[in-house]
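The values are calculated or read from the model by the stated rules, or taken from the named source; none is laboratory data. The structure displayed is predicted, hence computed values, not measured ones. Every residue, glycine as well, gets a Cβ built from its backbone with ideal geometry; the counts of neighbours run over all protein chains shown. To get the accessible areas, we keep the full protein, side chains included, count just its heavy atoms, and leave off ligands, DNA and RNA. Shrake-Rupley method; radii C 1.70, N 1.55, O 1.52, S 1.80 Å.
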Amino acid sequence: MTVLVARPVGQRRDPRQRHALVGVAHTRLMMLMLLFATAVAVVVVRLAMLAILAGPADAATRAATLAGRGDIVDRHGAPLARTIDAWTIAVHPRKLIGDPMDIASRLAALMPDRGDQAWFYGQLTKDVSFTYLQRRASPQLVEQVNAIGEPALVFARETQRLYPQSTMAAHALGFLSTDGRGMSGMERVLDARLTNPATAGQPVALSIDTRVQAAMESELGRAMTAYQARAAAGLMLDVDTGEVISMVSLPVFNPNRVGMAGTEELRNITTQSVYELGSTFKVITAAIALETGVVRDLGRRFDATAPLQVGRFKIKDDHAQKRWLNVPETLVHSSNIATARIADEIGAGRMQAMFRRLGFDTKPDVELREKGRPLWPTYWARTTTMTTAYGHGIAVTPLHLASAYAAMINGGVWRPSTLLKIAPGKAPEGRRVISAETSRRMRQLMRLIVQEGTGRKGEAPGYRVGGKTGTAEVAQGGGYAKNANVSTFAAAFPMDAPRYVVIAMLDSPKRVEANQFQTTAAYTAAPVVSRVISRTGAMLGVMPDDRRDVDQSDVMPLLWRAPGEHGSEAE
């Protein structure tokens, strides 16, 4: 039996007992500190192991993320791509506590552009541990979603690439991969420069002008919708520097949400897709004829009285004049027959030589990696020489054509195209492809086509437009689709002192009331160019002036007209 003895009040503890208690306390404190130090050591070792296992590539990626990716701007400094700090909204579906249907309804009300209630319900009930609901969210949206009170909804701040102009110039800009690397467009081309800490703070200026880009996208998109075309492409090029002022490919994608785009939207038609561009090649053939001396007098006539039989092939005119035509008339009336006869005299060797000098045998010369290889004839028979003269049997990209037209009217010098802004006086020298005199003649003839021929609907009052229409059947399954056209208008302005080339192309437009039930370039592509020039000419420093024009005094008299006739709109 244990006997408890009460200690009198005020009696002091034995010193030896007090020392024992202090020793126990010290021991416990030391053990606690040792455990804490061990935990810290484990964390530090773990972090070190992760750093070692991450390797140089991941370290570089993290460094690039921390440093930020440099901005891309247009030629005037307008932002096209920039890196921002943003919020992300995500969910841990397996940790959801509340009613998923109720939460989905509230999220849909807060983020209607992201999805409806059914979409959010699907995200909340996924059999995954984590999924994003919204990236690049505003602080206000984060606050509203947080107010729902669901613990499984989580928020984080992270660096995001933002394209403030949405779909504008998407194919020129490109997009990033999930780890922040450039996957296409100039984002890919400039990847090293934009992620270099030494240069990331310096915006890179593209040659694109957002004002012109917006006008081109607007007009081309409107035409594509109105004519129910399958696709469309548009370009504006500075004829003296090769700078791409506008590059449009439709359908388009949003680089902010590239995951929603399909293969067709991601394809850059201007540089990747090759087409037989039809009668736009007739301008080039005329230039070759003048340059080689095959045609020394524009008044020389060629027989276009009847279709031209070459072996088993028959070359016909869509708007047959059934008479002998000189060079200006050949272009104004877009005669395949007369053009083929001119090409026959030029010969395969000289035709090929010029096409090669214009780059038609290689991928387009521009910084982008997304480039298509032209379809170059494997064998140049006599018929090949004749048909390529009017754009059949050879396929190139719209950018090939734009660069070639720039050389035709800028004095005869071909230059590579570029999507980077060029400082004054720093344009590449290029290579001479035709003489200055031949180029002068081509300016006259192209202006004549718009004044009197197939390009009349491409005129923009006061801007002295010159150009050539081209309508070709769509190549399909080893042959041609009889009811589908590629309609192109290649133009330049002002023709008395050329500054810019403008290309508009529509793939497979339908016969509708908006184009007067005609799918040729004269009724589809040419009006697009007219509206683009009218909207942007003054912005580019070209002031409309009805008192100025190309001197046509020596070529206008060469045109013959039947009573009541006024040019042609065959293409």
Criterion (open to solvent by less than 40 Å² (accessible area, probe 1.4 Å) and either touching a Lys or Arg at 6+ places or on another chain (Cβ under 6 Å) or basic (Lys, Arg) (or both)) met by exactly one of Pro374, Pro364, Pro416: Pro364
So Met168 passes all but one of these: (1) in a helix (DSSP H, G or I); (2) buried (at least 18 other Cβ atoms within 10 Å of the Cβ). Which condition number does it fail? (1)
Report, ordered by the first and then the second residue, all pairs with beta carbons closer than 7 Å, sequence separation of six or more or different chains, a first member in the range 106-123 that is over 14 Å from Arg257 (Cβ atoms), and a second member that is crowded, with 17+ Cβ neighbours inside 10 Å and at pLDDT below 90. Ala108/Gly115
Which numbered condition in (1) open to solvent by less than 10 Å² (accessible area, probe 1.4 Å); (2) closer than 28 Å to Gln352 by Cβ; (3) modelled with pLDDT of 95 or more; (4) out of contact with any Ser or Thr (no Cβ under 7 Å at 6 or more places or on another chain) is the only one that Val450 fails? (2)
Residue hits (the range 307-336; closer than 29 Å to Ser553 by Cβ and charged (D, E, K, R)) are Asp317, Lys322, Arg323, Glu329
Can you report the number of residues in the range 391-409 which are in contact with a Gly (Cβ under 9 Å, 6 or more places away or on another chain) and open to solvent by 20 Å² or more (accessible area, probe 1.4 Å)? 1
So which of Asp113, Asp58 is modelled with pLDDT under 90, surrounded by fewer than 17 Cβ atoms within 10 Å (Cβ to Cβ), acidic (Asp, Glu) and not in a helix (DSSP H, G or I)? Asp113
Please specify each residue of the range 139-165 satisfying the condition of being assigned to a loop (DSSP other than H, G, I, E, B), open to solvent by 50 Å² or more (accessible area, probe 1.4 Å) and either polar (S, T, N, Q) or under 29 Å from Ile208 (Cα atoms) (or both). Pro164, Gln165
All but one of (1) modelled with pLDDT of 90 or more; (2) open to solvent by less than 30 Å² (accessible area, probe 1.4 Å); (3) of a type in the set (A, V, I, L, M) hold for Ala86, so report the exception by its number. (1)
Residues in the range 91-105 that are in contact (Cβ under 8 Å) with a residue 60 or more places away in the chain and crowded, with 18+ Cβ neighbours inside 10 Å total 1
Evaluate the following for Thr292: is it within 22 Å of Leu173 (Cα to Cα), open to solvent by 10 Å² or more (accessible area, probe 1.4 Å) and free of Cβ contacts under 8 Å to residues at least 60 places away in the same chain? no
All but one of (1) buried (at least 19 other Cβ atoms within 10 Å of the Cβ); (2) part of a loop (DSSP other than H, G, I, E, B) hold for Gly425, so report the exception by its number. (1)
Is it the case that some residue within the range 148-157 is out of contact with any Phe, Trp or Tyr (no Cβ under 9 Å at 6 or more places or on another chain), under 19 Å from Asp71 (Cβ atoms) and among the aliphatic types (A, V, I, L, M)? no
Among the candidates Ala233, Ala198, which residue alone is aliphatic (A, V, I, L, M) and within 14 Å of Ala525 (Cβ to Cβ)? Ala233
